[in-house]
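To start, the structure under review is shown below, and the notes come after it.
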Amino acid sequence: MAITNPQAVVFCNEKVRPTADKYMQLYWLAKFFTQEWAATGMAALIPNTADIVVDGSETDGRTPITGQMVNGLKNNLDLLITDLEANSKAKLNGLSQIAVNENP
């Protein structure tokens, strides 16, 4: 039986598909990030330490970041990728079926 309730249809068009788009965009961003991290040797350049990255934040008002923070982000992206690609990419394929604009 088809779902034709107007409220459900609007929710799917305005919430479900855009959320799947953003989730897939995050997946692809994570893939690109981790590939660049590996290709450029960032693990050696940004050690997992409390040392602050001197990126101009001290003069422009952004919160300073540390090597631990950067490595933490990288680890979280790895977890996202691993989760979505587990079990023959079942979750990734399910999201991709819903998403319309999945490229970042």
Legend entry - the range 41-104: trypsin sites (Lys or Arg not before Pro) falling in loop per DSSP and having at most 14 other Cβ within 10 Å: ARG62
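Given a cut-off of under 8 Å on Cα pairs at least six residues apart, what relative contact order in percent is computed for the range 6-98? Could the numbers behind the result be given before it?
Numbers: 61 pairs, mean separation 30.2, N = 93.
Relative contact order of the range 6-98: 32 percent.
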Inset, instruction - Would you mind ranking MET24, MET42 by Cβ crowding within 10 Å, fewest neighbours first? - result: MET42, MET24
Legend entry - Mean ellipticity per residue at 222 nm, deg cm²/dmol - from DSSP H runs of n ≥ 4 across the chain, formula -39500 (n - 2.57): -21500 deg cm²/dmol
Legend entry - Nearest-ten-degree value, helix 67-98 long axis tilted from longest Cα axis of the chain: 20
Inset, instruction - Provide the packing ranking of 81-88, 48-55, i.e. peptides ordered by the mean count of other C-beta atoms within 10 Å per residue, highest first. - result: 81-88, 48-55
Legend entry - Spin-label zone in the range 1-17 - amide nitrogen under 11 Å from a point set 7 Å from the Cα of ILE98 along the C-beta vector: 12-13, 15-17
Inset, instruction - Compute the acute angle (0 to 90°) between the alpha-carbon long axis of helix 17-39 and the principal axis of greatest extent of the alpha-carbon atoms of the chain; round to the nearest 10°. - result: 30
Inset, instruction - Would you pull out the residues with amide H under 5 Å of ILE65's amide H, same chain only if 5 or more places away, H placed 1.01 Å from N? - result: VAL53
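A short reminder: the numbers here are calculations on the coordinates, not readings from a lab. Fair warning: this is a prediction, and the values are worked out from it, not measured in the lab. Heads up, the Cβs are rebuilt from the backbone with ideal geometry, glycines too, and the neighbour counts pull from every protein chain shown.
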